[in-house]
Amino acid sequence: MLIHVMRFTRAAAALACSFPAFAATVSVDVIGADGKPLAGAVVLVDTPRKPAGAMKPGGPYEMAQQNIAFVPHVLIVPVGATVSFPNRDKVRHHVYSFSKARKFDLKLYGKEETRSVVFDKPGVVALGCNIHDAMNGSIIVVETPYAVQSDAKGHATITDVPVGGATIRVWHPSIRAPDNMLSQSATVTATGYTTTYTIRGR
Amino acid sequence: MTVRALPRWRFRHLRTRLAVQYGVLFAASLLVVAIVGQLVIWGQARDAVRAELRTSGSVYDRIWAMRAHALMDSASVLTRDFGFRSAVASGDRPTIESALASLRTRADVPQAFFVDLQGQVFGTGSGDVRRAIASVPTTLARGRTEAVIATRTGAFRLIVAPVLAPNEIGWVTFALPLDRAEMAALQHLSAIPLAATILTRDAKGSWHGVSSDVAGSRALDAFVATAIGGRSEPAFLALRDGDALALAKPLLGPAGKPSAVLLLSYPWAAAMAAYRTMEVGIALAGVMGLLLVLLGSRRLANGIARPIAALDAAARALEEGTRTELLVESDDEVGRLAQSFNRMSAGIVEREHRITHLAFHDTLTSLPNRTYFCQQLESELQRSLKRGQRTTLLCLDLDGFKGINDSLGHPIGDALLRQMGDILSRIASDAVVARLGGDEFAIILADHDDVDRPRALAQAILDEMRSPLLVDGHQIATGASIGIAISPNDGADSDALLKNADLALYRAKQDGRGVFRFFEPALDAAARKRRALELDLREAIQSGQFRLNFQPIFDLKRDRIGGFEALLRWEHPTRGNVPPIEFISVAEETGLIIAIGDWVMQEACRQATAWPAHVRVAVNVSPLQFRNSGFPSVIFQALSHSGLSPDRLEIEITESVFLDGETTVVTLLHKLRAMGVRIALDDFGTGYSSLSYLRSFPFDKIKIDKSFVDAVAEDRSAAAIVRAIVDLATALHMETTAEGVEDRDQLSELRGQGCSSIQGYLFSRPIEGNMVAAMIGSAMSAAA
C-alpha cells in the first residue's frame, strides 16, 4: 500500500496572537485520500529542545472497551504513562498489541474489570482484541508535548512550538508506512508554520 | 466456320424424360434442404458451442472465485492465528516458515509464502516466484486479494491474505501454478471437451500459449486484444489444429492489467462432429428420398408414358401396315385417344382392305381383275418354273356378247357376266378365275397330275354353255370360245403365255366359235405375219402407197356408165400388189381402217369432180368406219374439199352395220341422206339379211350379191331370187345393181328382170383412175 505526500506548502505564519518571541503556532491541515479533510489524524511536532514540564506522565489515561470498540479510538499519551483498559461491555475482551513500542497481552477479562499497562517507549501501539477482529484502536506514545488530533475539518493547531528546526509527523491508520506515520522536517519560524498533508491511497 | 448447336438433352422415351425431370427437381430441392440444413446445423453448432463456452467461462469464473475463497479461508486460519501473528510481530522466521509448511499441507497448495511489510519473503518456493511476489502485496489494488503473474517458469495465480494485528503486518500468499494439471481440471468441468490454455505475453508483447500448444499469431493477438478490450465473446479463431470457437478471459495482474489470458477453445471440427450423425442421416434420407422419387416418378412416368408408348408403337405398326388393337386402360384423355386410335386404325384397315379389293377385284363379278390376275400368273409361273411344273392358262370369250348387250341392254349383259363368273368359279374351283375386262375371262390352272385336265375343264365349260342361260327372265343362248396355252412350252413368262392363249382364243373364234383351241406355234407365226402387215399398213398410210381403182357401173336404163365404184389398191414396194382381202381384216382389227377409209373418201370425191356430172362415185364403208362418230363430218369434209355434188356420192354399206343397233344406224343414215348423199345396201342376200332393214330405211340402191348373179342364167331358183329382189326394190322405189356380171346371158337375164344397172367383168374390170375419163368417152361413143 502506498502513501504519497503530494504537496508540502510553506505559508506565512499567523500573527493572530502574541506569544513570546521564541514560540510559534504550527497549523496543519490533513486531507484524506478521498480529498476530504481527514479527522482523527495525529500531528506531532518534535523539537530538539523539549520542555521539561510537558514530559510528565500525568494521567489518568484510559482506553475503555465499550460497545465492542476502543474508546477513544486514538489515545495520545506521554512516555511513561499508565493506561488503564476498563471493560465496559458485557462480553469479555482480550486486548493485545504486537507493536514494538509496547507488546502486551491482556488475557480475557470481564465486565468492569480493569487492566493497566505502562507505555514507556515512544511509538504507536496498535491495539486489537483477539476475540473481536473488528476492534482496533491506537495509543500514540509521544515524547513531545506538541501532539494533537485533527478535528472534524482535518485541522490541527499546535501552539507554543519553539521556533527553529522541527520534525512534523502525521499518523493515521490509513497511512501505509511503517507505523502508519509520515515525517517531515520543518523550520518553525516566529510567525508559525502552516502546512497541508494530503494522503493519497490507492 | 461451322456453327455447332449447343448440346441439348434429348430423350428417346417420355418416361425417361419424366423420371429425369422429376429426379432433378427433387434433387435440387433436396440440395436446397441440405444447404439450409447445413446452415442451420452450423448455426446451431456455433450457438451451442458459444453457449457452452459462455457457460464454461462463467463456471470457470465461479470455480476461480470459489477456489480463491477456499484458499482465503485456509490462509485466514493462519493469518488470524494469534501465535502466528505473534511470531510475525517478533520476526520469528523459523516459526513463520514452519507455519507456512503446515499451511501448505493443510490447504493443499504447492507454494505458500509470507511477505512482510518490508517486502521480505518467507517460505520455500522457486526463486522466480519468490522474486515476483515480493512486491505483489504492496502493489495489489485495494480490495483485491488475488492476481495472476507470469514468470519464466509459467503463470501463477496468487492469493494474498493480509495478516492483521489488527493492522496489516504482512501477507500470507499462495502461488498456484496455472499448469497443465490445473487446465485439465478446468477442462473436466465443462460439459463439452473444451481446451483450456493459459496465454502469456512475450517480450515483444504478443500472446502465446504457456504450454506451447497454442502458437502465437497475429490473429491470436487481435483476438486477445478484443477480449481485453472488454468484448469477451466466443468467436472464431484460427488455431494450429484448425478453426475453433474460442473465448478469452483476461486474467488480471497485481496492477490490474491483464498479465495472462485464459483461452477456452473448442475445435470447430469437434463441434460439427456432433452433428455428423445428423448430416449423415439427412444425406441418407436424401439419397433414399431421391431413390424413392426416382422409382416413384419412374412408376408414374410409366403410368403416363406406357399407354403413349403403346400408341406410338401401334402408330408405327400401322405405318408399316399391321394393325394392333390397343388395350384401353383408362377413361382419361389417353384412354379416349386409344379408343379413337382403335376406331381410326380399324377404319384405315377396313378401307385399305376395300381399296385392295377394289384394286384387285372386278366390281361386277367380284372375281380377281386383270392386275390381280397378272400378279397371280406371274407368281404361279415362277413357282412352277422352279419346280419344273406346268401352268395352264385358259382365255375365254363369250360369243356375240356385244349383240346381247345391245339388244337386251347393259343390265342384262352385266347379269350375264356375273352368272358367267359364278359358273366359271364353280366349274374351275381348283383354279384362279379372273375377269380381264368386257366379256373376257381367264383361268389359271396350276400343275395337275391329270394331264387331260385343261381339256376336260374347257370342255366342261363349253358343255355348261351349251344350254341357254336364264338371266333376269331372259333365255339367252350364248356360247364361249376358249384358247389354251400351257407353260413353259407355250411361253415362259406371263406376257407370252397370255398372248399365246389369246392367239388360241382368236383361232377358236375363227374356227366357228363355241370351241376351244390349244395354242400352236403356227398361230404365233400367223400372228407375227399379221403384226408385220399392220406395221406395213401404217407405213403405207404415211407414204401414200394406196391408190384407187374404179369399176364402172353400167346404167341399163340409159345405156351408159352411171358411175364408178372406188376400189382400194395397195402397191407395196416389196410385197407388190396386196389384195384387200389380206389387209382389210387387219386394218379393221387395228382400227387403221378409219384412217384408210378417210383417205379413200377424200380421194374418191377428189377424182370424181373431174368426171361428167351424171357419173357418180360409189365408196365402200366398213362397219367400223360407219360406226365411228366422226363419220358424217368425214363425208362433209370430203364433199366440201372436192366441191363434189352430194348426190354424186354413193356410199355402200353392208347389212352388218345393223348389228350395232338398228335405231342408231337408221338415224345416221337419215342424217347422211339429209346431206344429199346416196346410200346403197351392198352384198344383199348374204349374211344375216333381213327384210326389216329395207322397211326401216329407204335405201337408194340395193346391190345384188355376185353369188346370186353367178347362177342367174342357169339356175331358175337363183333367177327367181334375183327377180324377187328386183321386184321388191322396184316396189320400194329402189334401184338395183347386179354385181359380178361376167357374160351376156347373165346380162340379158338381168336386163329382162328389170335390174337397174350392172357391174362386172363383162363390162369392165376395175381401171386406174386416169383411165376413167377415156372409158366414159368411149362408152358414150359405144352407146351412141
Q: Could you grab the pairs with beta carbons closer than 6 Å, sequence gap of 6+ or different chains, first residue in the stretch A:78-103 and within 14 Å of chain B (Cβ to nearest Cβ), second one of a type outside the set (S, T, N, Q) and not in a strand (DSSP E or B)?
A: A:His94/A:Ile131; A:Ser97/A:Lys103; A:Phe98/B:Ala89; A:Phe98/B:Ala165; A:Ala101/A:Lys121
Q) Going through the stretch B:135-188 one residue at a time, which ones are in contact with a Leu (Cβ under 7 Å, 6 or more places away or on another chain) and aliphatic (A, V, I, L, M)? A) B:Val136, B:Ala147, B:Val148, B:Ile149, B:Ala155, B:Ile159, B:Val160, B:Ile169, B:Val172, B:Ala175
**Q.** Qualifying residue in the stretch A:110-117 (condition: under 18 Å from A:Gly58 (Cβ atoms), more than 11 Å from chain B (Cβ to nearest Cβ) and surrounded by fewer than 21 Cβ atoms within 10 Å (Cβ to Cβ))
**A.** yes
Q.
Against the definition (in the same structural domain as B:Lys557 (by TED's automatic domain parsing) and crowded, with 16+ Cβ neighbours inside 10 Å), how does B:Asp683 come out, yes or no?
A. yes
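Taking the stretch A:174-199 as the search range and keeping residues that are within 14 Å of chain B (Cβ to nearest Cβ) and assigned to a strand (DSSP E or B), which one is surrounded by the most Cβ atoms within 10 Å (Cβ to Cβ)?
Filtering first and then ranking leaves A:Ile199.
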Q) If you scan the stretch B:55-91, which residues turn out to be among the polar types (S, T, N, Q), within 11 Å of chain A (Cβ to nearest Cβ) and assigned to a helix (DSSP H, G or I)? A) B:Ser76, B:Thr79, B:Ser86
Q) How many residues are over 13 Å from A:Val188 (Cβ atoms), assigned to a loop (DSSP other than H, G, I, E, B) and either in contact with a strand residue (DSSP E or B) (Cβ under 9 Å, 6 or more places away or on another chain) or hydrophobic (A, V, I, L, M, F, W, C) (or both) if we restrict to the stretch A:35-50? A) 5
Q | Failed condition for B:Leu436, given (1) in contact with a Ser or Thr (Cβ under 6 Å, 6 or more places away or on another chain); (2) assigned to a strand (DSSP E or B) | A | (1)
Q. Can you spot a residue in the stretch B:615-637 that is within 28 Å of B:Val722 (Cα to Cα), part of a helix (DSSP H, G or I) and within 60 Å of the chain's Cα centre (by Cα)?
A. yes
(Q) Looking at the stretch B:107-123, I want the residues that are away from every other protein chain (no Cβ under 14 Å) and part of a strand (DSSP E or B) and have a partner that is surrounded by 19 or more Cβ atoms within 10 Å (Cβ to Cβ) and of a type in the set (S, T, N, Q) with Cβ atoms under 8 Å, at least 6 apart or on another chain. Which pairs are those? (A) B:Ala112/B:Thr173; B:Phe113/B:Thr173; B:Phe114/B:Thr173
Q) Among the candidates B:Arg306, B:Arg299, B:Arg343, B:Arg354, which residue alone is within 30 Å of B:Asp439 (Cβ to Cβ), among the basic types (Lys, Arg) and not assigned by TED's automatic domain parsing to the domain that holds B:Asp495? A) B:Arg354
Q) For the stretch B:92-106, what are the residues that are touching a helix residue (DSSP H, G or I) at 6+ places or on another chain (Cβ under 7 Å) and within 14 Å of chain A (Cβ to nearest Cβ)? A) B:Thr95, B:Ile96
Q.
Conditions first: (1) farther than 30 Å from A:Lys107 by Cβ; (2) in a loop (DSSP other than H, G, I, E, B); (3) at the interface with chain A (Cβ under 10 Å from one of its Cβ atoms). B:Pro137 passes all but one, so which condition is the exception?
A. (2)
Q: Among residues belonging to the stretch A:125-156 that are within 14 Å of another protein chain (Cβ to nearest Cβ), in a strand (DSSP E or B) and touching a Pro at 6+ places or on another chain (Cβ under 9 Å), point out the one that is surrounded by the most Cβ atoms within 10 Å (Cβ to Cβ).
A: A:Leu127
Q: Please work out which residue is farthest from B:Ala19 (Cα to Cα), limiting yourself to the stretch B:325-357 and to residues that are among the polar types (S, T, N, Q) and exposed (fewer than 15 other Cβ atoms within 10 Å of the Cβ).
A: B:Thr356
(Q) From the list B:Ile41, B:Ile35, exactly one residue is of a type outside the set (Phe, Trp, Tyr) and buried (at least 17 other Cβ atoms within 10 Å of the Cβ). Which is it? (A) B:Ile41
Q. A:Leu44 is checked against (1) within 13 Å of another protein chain (Cβ to nearest Cβ); (2) touching a Ser or Thr at 6+ places or on another chain (Cβ under 7 Å) and fails just one. What number does that condition carry?
A. (1)
Q: Answer yes or no: is there a residue in the stretch A:72-79 that is among the β-branched types (Val, Ile, Thr), modelled with pLDDT of 75 or more and touching a Leu at 6+ places or on another chain (Cβ under 7 Å).
A: no
Q) Residue check, A:Arg169 against (1) within 14 Å of another protein chain (Cβ to nearest Cβ); (2) touching a strand residue (DSSP E or B) at 6+ places or on another chain (Cβ under 7 Å), all met but one. Which one? A) (1)
Q) What are the residue pairs meeting all of these: first residue in the stretch B:458-487, first residue part of a loop (DSSP other than H, G, I, E, B), second residue among the aromatic types (Phe, Trp, Tyr), Cβ atoms under 9 Å, and 6 or more apart or on different chains? A) B:Thr478/B:Phe401
Q: Go through (1) of a type in the set (A, V, I, L, M, F, W, C); (2) out of contact with any Gly (no Cβ under 8 Å at 6 or more places or on another chain); (3) surrounded by fewer than 21 Cβ atoms within 10 Å (Cβ to Cβ) one by one and return the number of the condition A:Phe85 breaks.
A: (3)
Q.
Quick check on this structure: which one of B:Leu470, B:Leu457 is over 23 Å from B:Glu380 (Cα atoms), over 41 Å from the mean Cα position of the chain (by Cα), at pLDDT 85 or above and not β-branched (Val, Ile, Thr)?
A. B:Leu470
Q) Which one is farthest from B:Glu440 (Cα to Cα) among residues in the stretch B:395-426 that are assigned to a helix (DSSP H, G or I), of a type outside the set (A, V, I, L, M) and more than 49 Å from the chain's Cα centre (by Cα)? A) B:Ser407
Q.
Need a quick list: strands (runs of 3 or more DSSP E) entirely within the stretch B:154-236 having at least 3 residues that are within 30 Å of B:Ala99 (Cα to Cα) and not basic (Lys, Arg).
A. B:154-164, B:168-177
**Q.** Residue among B:Asp81, B:Asp47, B:Asp73 that is surrounded by fewer than 15 Cβ atoms within 10 Å (Cβ to Cβ), without any contact (Cβ under 8 Å) to a residue 40 or more places away in the chain, over 30 Å from B:Ala235 (Cα atoms) and charged (D, E, K, R)
**A.** B:Asp73
Q: Taking the residues in the stretch B:158-178 that are within 16 Å of B:Ile63 (Cα to Cα) and surrounded by fewer than 23 Cβ atoms within 10 Å (Cβ to Cβ) as candidates, determine which candidate is farthest from the other protein chains (Cβ to nearest Cβ).
A: B:Pro177
(Q) Pairs please, first residue from the stretch B:606-621 and surrounded by fewer than 20 Cβ atoms within 10 Å (Cβ to Cβ), second anywhere and assigned to a loop (DSSP other than H, G, I, E, B), Cβ atoms under 7 Å, 6+ apart in sequence or on different chains. (A) B:Thr609/B:Gly643; B:Thr609/B:Leu644
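The values are calculated or read from the model by the stated rules, or taken from the named source; none is laboratory data. This structure is a prediction, so every number in the text was calculated from the model and none was measured. Reconstructed Cβ throughout: ideal geometry from the backbone, glycine too, with neighbour counts over all protein chains shown.
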